[in-house]
Amino acid sequence: MTQQNTQQFGGNWTEEKLNIFTEYLTAYLTALQNQNFGKVYIDAFAGTGEIVTNDGEQHLVGSAKRALSSYLKFDRYYFIEENKKKAAELQRMVDAEYPHLADRVTIYCGDANARLSEIINQIDWRFNRGLLFLDPCATEVNWTTLTMIAETKSIDMWYLFPFSALNRMLTKDGNMDPTWAACIDRLLGDSGWRIEFYKKDPQISLFDFESGSGERDRLIKDANPERIKEYIIGRLQSTFPCVSKHPRIFKNKNNSPLFLFCFAISNDSEKAQGLALKIANHILKPKTNQGW
Ligand SMILES: C[S@@+](CC[C@H](N)C(=O)[O-])C[C@H]1O[C@@H](n2cnc3c(N)ncnc32)[C@H](O)[C@@H]1O
C-alpha cells in the first residue's frame, strides 16, 4: 500500500457499507455462475482499492480490491475515478496484484456520470448482467444517470445516497441559494421536493400582517428524516421496477444520519427481482436498532 495515495474517509459505517456490498457481490456471482450472461462489474467511484478512515483508526480494503479478489469472477471490470492520482494508484494495484485479471479491467479517469454513460452504451445488455456500485462522496450522481441505469433492465445497483447533504440544503424557510435548488433538482430528478418538503407557515407574525406578506409567501420545512427517506425511496421506485424499502441508515458519532445505502434492480423479470431483493433485504436487515 502506498501511503501517500491511500484515500481517507468514513468511519465505522464505511466498513459496514463495504461488508454489505461485498456480501451481495458474492451472492450475485454465485446466483449467476451457471447462467449464460456476461457478468459486468462497474465501480463508478472506485477510489484506489485501499482506505484509511478519517479518524486514522482503520485501514480497510476498498470496493475495487474486494471485487477483484472475489473467488468467483466477473467477465469485465469497469472502474471510474475522477482523481488522477487515485486512478493511477488503482491501475498500479491492478497491475501488481491482479495481473491475471488485467485484460478484463478498464479504468476510466473522469466524472462518473459521463463515463457511466459511455460504459453502459458500449454493452449489449440483452446478453450481459451488471452489478453497479455508486459510492459518491456527496451529491455527484445525477438523476439522469439513474434513469440511464434503469433503462438497461440488466443492472443491480447499490447507491450510497447523500442524505445529510440533501437535508442540509433543505433550509428551514425554503429560501436557498439557486445553486442548491439546482443541485437538489439534479439529485432527485425534478422539483417535486419543493411541494413535498415545504408547507405554508401557519404562524403569521404581526409584521407579516402589517407588511401584507406572510400567508402568501412564507414557507416552513415540513420534512423529518423518515419523510425524506420515504421520498427518496419513492423517487427510486418511480424509475426502477424494484427497490428495497429497507435502506441501511449510516449515522455519524452524534447519531445524525449521513447516508442511506439503497438497493435497486433494473431487471423487469419478477423472478430475478424476487431473488435479488430477498438477498439484499436479508443483508440489509439491521443488526441493531435503526430508528432515527
Ligand atoms: C467514497 S469514495 C469511494 C470509495 C471506494 N468505493 C472504496 O471502497 O474504496 C469516493 C471516490 O469518488 C471519487 N470521486 C469524486 N467525485 C467523482 C466523480 N464525479 N466521478 C468519479 N469519481 C469521483 C473520489 O475521488 C473518491 O475516490
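Is it the case, given these coordinates, that Ile184 is in a helix (DSSP H, G or I), buried (at least 16 other Cβ atoms within 10 Å of the Cβ) and without any contact (Cβ under 8 Å) to a residue 60 or more places away in the chain? Yes, satisfied. Return a yes/no flag: does the range 134-151 have any residue that is charged (D, E, K, R) and away from the ligand (no atom under 16 Å from the Cβ). Yes, that holds for at least one residue.
Residues that are in the same structural domain as Trp158 (by TED's automatic domain parsing), more than 12 Å from the ligand (Cβ to nearest atom) and of a type in the set (A, V, I, L, M, F, W, C): list the strands (runs of 3 or more DSSP E) wholly contained in the range 12-102 that include at least 3 such residues.
Numbers: elements: 38-43, 50-52, 59-61, 76-81.
Answer list for the range 12-102: none.
Summed over the range 123-133, the residues that are within 12 Å of the ligand (Cβ to nearest atom) and either part of a loop (DSSP other than H, G, I, E, B) or of a type in the set (Phe, Trp, Tyr) (or both) give a count of 1. Screening Gln7 with (1) at pLDDT 90 or above; (2) near the ligand (Cβ under 10 Å from one of its atoms); (3) on the phi < 0 side of the Ramachandran plot gives one miss only, at (1).
Can you say whether Thr139 is modelled with pLDDT of 95 or more and assigned to a loop (DSSP other than H, G, I, E, B), as far as the supplied structure shows?
Details: modelled with pLDDT of 95 or more: yes; assigned to a loop (DSSP other than H, G, I, E, B): yes.
Answer is yes for this residue.
Please name all residue pairs, on different chains or six or more residues apart, with Cβ atoms under 7 Å, provided the first residue is in the range 235-255 and is in contact (Cβ under 8 Å) with a residue 24 or more places away in the chain and closer than 22 Å to Phe197 by Cα and the second residue is of a type in the set (Ser, Thr, Tyr) and not in a strand (DSSP E or B). Correct list of pairs: Thr239/Thr147. Residue pairs whose Cβ atoms lie under 7 Å apart, separated by 6 or more positions or on different chains, with the first residue in the range 44-55 and closer than 15 Å to Asp111 by Cβ and the second outside any loop (DSSP other than H, G, I, E, B) and more than 7 Å from the ligand (Cβ to nearest atom), are Ala44/Leu116; Ala44/Leu132; Ala44/Leu134; Phe45/Leu134; Ala46/Phe79; Ala46/Leu90. State yes or no: is Thr106 part of a strand (DSSP E or B), surrounded by fewer than 18 Cβ atoms within 10 Å (Cβ to Cβ) and not basic (Lys, Arg)? Taking the combined requirement at face value, the residue satisfies it.
The values are calculated or read from the model by the stated rules, or taken from the named source; none is laboratory data. None of the values given here were measured: they were computed from a predicted structure. Don't worry about glycine lacking a Cβ; one is built from the backbone with ideal geometry, like all the others, and counts go over all protein chains shown.
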